[in-house]
1. Which of B:L292, A:V164, A:G177 sits closest to the plus end of the dipole of the protein assembly as shown, meaning its Cα is farthest towards the positive end, when Lys and Arg get +1 and Asp and Glu get -1 on the C-beta?
2. Report the one residue of B:P242, B:A264, B:G252 whose Cα lies farthest in the direction of the positive end of the charge dipole of segment B:220-317 (charges on C-beta: Lys and Arg +1, Asp and Glu -1; origin at the Cα centre).
3. Could you order the peptides B:14-22, B:196-204, B:63-71 from most to least packed, using the average number of other C-beta atoms within 10 Å per residue?
4. If you take each beta carbon of peptide A:265-278 and count the beta carbons of other chains within 10 angstrom, what is the mean?
5. As a test of the formula, what do you get for the protein assembly as shown when each DSSP H run with n ≥ 4 contributes -39,500 (n - 2.57) and the sum is divided by the residue count, at 222 nm and rounded to the nearest 500 deg cm²/dmol?
6. Magnitude of the Cβ-charge dipole of chain B, K/R +1 and D/E -1, about the Cα centre, nearest 20 debye?
7. Let's see if you can work this out: charge +1 on each Lys and Arg Cβ, -1 on each Asp and Glu Cβ, no other charges. What is the dipole magnitude of the protein assembly as shown about its Cα centre, in debye to the nearest 20?
8. Grab the other residues whose beta carbon is less than 15 angstrom from that of B:V135, score K and R as +1, D and E as -1, and report the net.
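Please treat every number below as a calculation from the coordinates, not as lab data. These numbers come from a predicted model, not from an experiment. Backbone-built Cβ (ideal geometry, glycine too); neighbour counts: all protein chains shown.
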Amino acid sequence: MAGSIPVSVSEAVVTAGAEPQSSVLRELARFARRNPLSLVGALVGLAIIVTAITAPWVAPRDPLKANFARMNKPPDANAYFGTDQVGRDTLSRVIYGARTSLFVAFAAVLLGTTTGSLWGVACGYLGGRFDLVSQRIMEVLQAFPDLILAMAISMAIGTGMPAVIVAIAITRIPFGGRVIRSVAISVREMQYVEAGRASGASALRIMALHVLPQCVAPYLVLATTHLGVAIVIEAALGFLGVGVPPPTPTWGNMLADAITNLVPSWWLVLYPGLAITVTVLAFNLLGDGIRDTLDPRLSPAFLRMMSGGRKG
Amino acid sequence: MKKYLLRRALFALGTLIGVSMIIFVVLRVLPGDPLVAILGVEGHRSMQPADKARIMADLGLSDPLPVQYVRWLGDIASGQLGKSFFRGDTVRDLILHRGPISAEIALLALVVSWLVGLPAGILSAIKPNGWLDAVARFVSIIFIAIPGFWLGLLIVLALLFWFGYKAPIIIVHVWENPWQNFQQVIGPAVVLGLAQGAYIARMSRSCLLEVIREDYVRTARAKGAAEKAIVLRHALPNAMLPVITISGVLLGFVLGGSVAVEQAFGVPGLGRALVIAIIERDIIVVQNLVLLYAAIFVVVNVLVDLSYGWLDPRIRF
């Protein structure tokens with residue numbers, strides 16, 4: 001890129017002026033070049049999100065409409081993914097399922113990771129007894145296997161989409177809390193934060209204006225890495241019959257429906273599961289790339305933190 | 001060392017008491033009326049208040065919450081763990097009957113994960129960015145993404161389709177018929193083990209690559225030791241600690257995942273019992289089983305912690 005060196009003052013001014021806009025693109029291009037797999041993940045993920053949003057236009061049929069003339073038909077030109085026990089079109093159900101699964105996963109991760117992160121900022125910055133008690137609470141939350149905690153909570157607060165979202169969100173809180181807390185602790189000791197304190201800024205103001213911005217990168221990493229987990233938990237809840245209740249098509253529900261047959265039809269098992277796998281894979285690949293780009297140190301530390309932040 | 005052990009045990013006990021409180025609060029306080037949870041909204045509405053009160057008293061649910069909580073702790077202390085709402089037997093019987101098969105699955109999954117994950121990680125680390133490394137990493141990325149219960153369904157389906165084979169569906173304990181028992185547990189164990197193995201491969205690869213940069217490894221190289229010997233004899237032992245840690249953490253995935261995987265394979269283990277109890281809203285069974293799963297997770301992670309002192313002489317408690 002020989003042309004990128006400015007040869008005159010005016011040109012330099014022009015390039016500098018154009019900088020903010022194109023630098024984002026250039027960053028993205030560099031990200032894509034360094035993480036080709038993440039680019040694939042991002043594109044596939046984007047395609048799935050677009051499909052989910054435009055489901056009413058993309059899906060060939062109504063996902064809830066039974067057709068008793070065509071029950072349990074294997075894939076053919078009429079229904080590319082076959083039909084289920086009551087003749088509903090599997091392809092349409094998989095597409096609508098993306099809607100539910102993605103919405104639940106995004107909402108849960110947003111809710112859980114954000115709550116956990118804000119809590120973590122407060123823990124890390126305030127320290128003291130608040131931190132101590134909070135750490136114990138998070139430890140207790142992490143003592144539950146994810147799926148089992150989510151099952152118990154969604155049972156308690158009733159079935160329905162909000163219940164599932166809250167249940168999954170609660171299992172995400174301690175992860176956000178622990179990671180962001182450690183970031184906040186290191187930021188607290190920085191000089192500009194000290195300067196803020198010295199000039200009499202309130203704790204809330206320092207946390208919001210000085211500590212929080214430093215937590216954005218790890219927050220993004222956390223959110224993307226946990227999207228895949230949230231999707232799997234949602235699917236497992238649906239599969240076990242404690243997720244978003246039928247007839248709403250979700251990938252988990254579809255798998256649960258499929259095995260009510262004595263001999264399950266292969267297309268009813270294959271496609272919803274494939275949808276889960278491809279989606280999770282896409283978000284995981286994207287998450288790996290974002291993690292490597294934003295915070296190369298986070299990966300091993302992140303895993304260690306999952307185990308309770310021991311120093312060994 | 002003894003002092004540390006005691007402190008660690010007390011700490012774990014504290015965590016478990018917190019766990020029991022959260023379970024208790026989640027199951028009793030959040031839904032408001034536990035009868036709604038048992039009978040469903042419709043059934044609850046159509047019932048006479050007197051009948052409701054009687055059932056509540058029968059189940060011991062009309063006492064103040066602290067009394068109920070203390071009674072539960074008493075049930076735990078006595079080892080009986082309370083009774084199921086729907087069946088007469090105690091939760092203890094349920095665990096003794098169904099627990100062994102789930103425990104077998106978890107242990108076997110651990111074995112599978114190490115057998116698959118460790119060699120994969122080592123092969124990756126011997127020649128980083130070589131083609132073997134690329135294949136191993138690709139496969140582990142795939143296996144991390146595949147939901148275990150779906151893989152389980154596919155396996156069940158494939159066996160049924162091509163071989164007309166189905167694993168026994170009633171509980172067969174290992175001491176009754178080892179071969180049938182093996183058929184029952186091997187499927188879930190392999191599925192759970194492969195997912196774990198993917199994480200272990202990743203972890204052992206990155207730890208090995210970290211250790212390989214250390215001075216003593218360079219010394220071994222300078223000595224002219226073969227690359228294989230360097231990795232296996234010098235680097236590997238020091239790279240093992242984080243791998244063992246991750247194995248303890250992964251137990252959470254196994255415990256949670258086994259619930260769904262048992263369902264997929266139709267194995268009548270503890271996970272199935274938990275799912276049924278949740279769908280039937282059998283609070284007493286749910287609270288005890290959830291506590292059991294959490295307790296196993298906590299205890300294993302304490303053991304992992306303690307194993308550090310034994311595996312790495314530099315660490316003194």
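1. About the Cα centre, the residue reaching furthest to the positive side is A:G177.
2. Value computed over the given set: B:P242.
3. B:196-204, B:14-22, B:63-71
4. Mean shielding count: 3.
5. Result for the protein assembly as shown, helices only: -25000 deg cm²/dmol.
6. 1060
7. In total the dipole reaches around 1280 debye.
8. Residues near B:V135 contribute +3 overall.
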